Amino acid sequence: MSETVVMKFGGSSVADADRIKAAAKRIVAKREKGDRVVAVLSARGDTTDELLNMAAEVSGTPDPREMDMLLSTGERISCALCAMAISDLGHDAISLTGSQAGIVTDTSHTRARILDVRADRIEEALDAGQIVLVAGFQGVSTNKDVTTLGRGGSDTTAVAVAAALGASVCEIYTDVAGVFSADPRIVPDAKKLGTVSFEEMLEMASSGAKVLQLRSVEYARTHGVRIHCRSSFDEGAGTIVVTEEETVEHPLITAVTHSTEEARVTLIGVPDSPGVAGAVFGALAEAGVNVDMIIQNEPPEEGKAADMSFTVATEDLRDARTALEGIIEAQGIQSIAWDEKMGKVSVVGAGMRSHPGVAATVFRVLGDLGINIEMISTSPIKISCVVSADRVADAVRGLHGAFELGDADADSGAQSPHGAAR
Ligand code: ASP
Ligand code: MG
């Protein structure tokens, strides 16, 4: 029996006509090997950002339903063009919107979650020998409205389709060779990882690694989907996300990740009484805002007001402020302050579980670099520090060097032979 393969191409891999044709060739080559092929495409290049700007030009607070109607067009363009290119190569292809492909989501516009994939239309097309192109990043809600899945959501479309079809692999084609020990643009000797565990990948995606959308990793882990992140520009093997049992070695530290898009929100004068934190984070949850680190200071005296700080993604700051402004009076909170110029640096590694001393090294390295740590959070396999956004790159380089994660004998991590061999 032939295998089903899902191939996802990111925005840079379909950015112009030549790249669309190159993607079409790659898809066709897979089909000619005998596989049943579904390709999930992202919007071309900066299309999604351009669409967001268009919305901002006509409205200060664009209606979320209409925003999804707008944003979902980017992926449709990519799929229709690629289908045309494939048919010029002598193969039968059909493009489908998320809705046509049976991607059913909840009703939270611009950040919808996939509830179900009703893949019969995809299956029928595959049975008829067609190559199926599915528009990423979108679905149809239980209210029959078009929804989108949040930035980077095409990864989640690809994984969900792979799960629904029982595909043997979900290949994520991108402009980098795989998952690296740090962002190669910041750390030139960063090393490509041959494998990474779901647990590590989840921590990396949630702490700034941009290769995969966090939800796609969660979805893949829950549904047992094999992910292979690889370059659309060459044939080399990339990084395979595997279960922890499948990983052979557990390096102490696998990667240093970072983000420069963190905002810190501080609530000043929070009454020292039960229920306030519940009201604050309840309001944020209702607004769909993901809170990362939380720090609550001790009140200066029993029963006196204290301050509470937490971080959110910069893109969520506006929603967070709106949600909080709605409750601070009723909760007796004095005021809200925020700082948009925060960043975060994290070290991730499954080996950390069984080795003490990692935190001490992290703090010493940052201290030696004169970088002030504003907030700290940990998990069994991650240590994250919030620092000023303009020191993030120095922090990443310092930590990557201190934990000796570099690829000593490769001048460009992107060409690393090590990761591929593992
Ligand atoms: N086009 C969307 C974005 O730029 C979704 C994706 O590419 O995965 O976020
Ligand atoms: Mg992406």
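Please name whichever of Gly10, Ala320, Ile371 sits farthest to the positive end of the charge dipole of the chain, dipole taken about the Cα centre and charges placed at Cβ: Lys and Arg +1, Asp and Glu -1. Of the candidates, Gly10 comes out farthest on the positive side. Here the label points at Leu89 and Ala285, each 7 Å from Cα along the C-beta direction, are separated by 4.7 nm in the simple model. Segment 137-176 and segment 345-385 have Cα centres lying 33 Å from one another.
Here the calculated FRET efficiency for Ser2 and Ile186, from their Cβ-Cβ distance with R0 = 41 Å, stands at 0.45, rounded to the nearest 0.05.
How fast does segment 1-152 diffuse by Stokes-Einstein, in µm²/s, taking the Kirkwood radius from C-alpha pairs at 25 °C and 0.890 mPa s? Reported coefficient: 157 µm²/s. For the chain, the mean residue ellipticity at 222 nm estimated from helices alone is -10500 deg cm²/dmol, where every DSSP H run of n ≥ 4 contributes -39500 (n - 2.57) and the total is divided by all residues, rounded to the nearest 500. For segment 22-66, the list of trypsin sites (Lys or Arg not before Pro) that fall in a loop by DSSP and count at most 14 other C-beta atoms within 10 angstrom reads Lys33.
Computed over the chain with a Gaussian network model linking Cα atoms closer than 10 Å, the most mobile of Ala350, Ala158, Ala402 is Ala402. I need the semi-axes of the equivalent ellipsoid of segment 190-342: take the C-alpha gyration tensor, multiply each eigenvalue by 5, square-root it, list largest first in whole angstrom. After diagonalising the Cα gyration tensor, the semi-axes are 39, 16, 14 Å.
Considering only Arg230, Arg353, Arg185, the mean-square fluctuation computed in a Gaussian network model of the chain, springs between alpha carbons under 10 angstrom, is largest for Arg185. For His109, His228, His355, the sequence from fewest to most other C-beta atoms within 10 Å is His355, His228, His109. Within the chain, DSSP assigns beta bridges of which about 60% are antiparallel (rounded to the nearest 5). Considering all C-alpha pairs of segment 109-212, those separated by over 23 Å amount to 39%. Taking only the alpha carbons of the chain, we obtain Rg and Dmax values of 22.6, 77 Å in that order.
Packing, taken as the mean count of other beta carbons within 10 Å per residue, orders the peptides 187-199, 80-92 from highest to lowest as 187-199, 80-92.
Extents of segment 297-418, taken as max minus min of Cα coordinates on every principal axis and listed largest first, are 60, 32, 27 Å.
Top mean-square fluctuation among Asp316, Asp183, Asp155, Gaussian network model of the chain, C-alpha springs under 10 Å? It is Asp316. When each of Ile333, Ile227 is scored by the number of other beta-carbon atoms lying within 10 Å, the sequence from fewest to most is Ile333, Ile227.
The length gained by stretching the chain between Glu32 and Ala17 to full extension, at 0.36 nm per residue less their Cα-Cα distance, is 3.2 nm.
Among the GluC sites (Glu not before Pro) within segment 256-297, not one is in coil by DSSP while having at most 16 neighbouring Cβ atoms inside 10 Å.
Largest first and in whole Å, the equivalent-ellipsoid semi-axes of segment 82-126 read 27, 13, 5, each the square root of five times a Cα gyration tensor eigenvalue.
For segment 260-336, the square roots a ≥ b ≥ c of the C-alpha gyration tensor eigenvalues yield an a/c of 1.5 or more together with a/b exceeding b/c, which makes the shape prolate.
Loop-located trypsin sites (Lys or Arg not before Pro) in segment 286-335 (DSSP state not H, G, I, E or B) with no more than 14 neighbouring Cβ atoms inside 10 Å: Lys304. Counting only pairs 8 or more places apart or on different chains, how many lysine pairs in the chain have C-alpha atoms closer than 20 Å? Total qualifying Lys-Lys pairs in the chain comes to 17.
Take 271-281, 142-152 and order them by the average number of nearby Cβ atoms within 10 Å per residue, most first; the result is 142-152, 271-281. DSSP beta bridges fully contained in segment 71-149 are about 50 percent antiparallel. Where the alpha-carbon atoms of segment 279-321 are placed on the principal axes, they occupy 35, 17, 14 Å, in descending order.
Read-outs: derived from the displayed coordinates by stated rules, not from any lab. Note that the coordinates shown come from a computational prediction; the quantities given were computed from them, not determined experimentally. In this analysis, Cβ positions are derived from the backbone assuming ideal geometry, glycine residues included, and neighbour counts consider all displayed protein chains.
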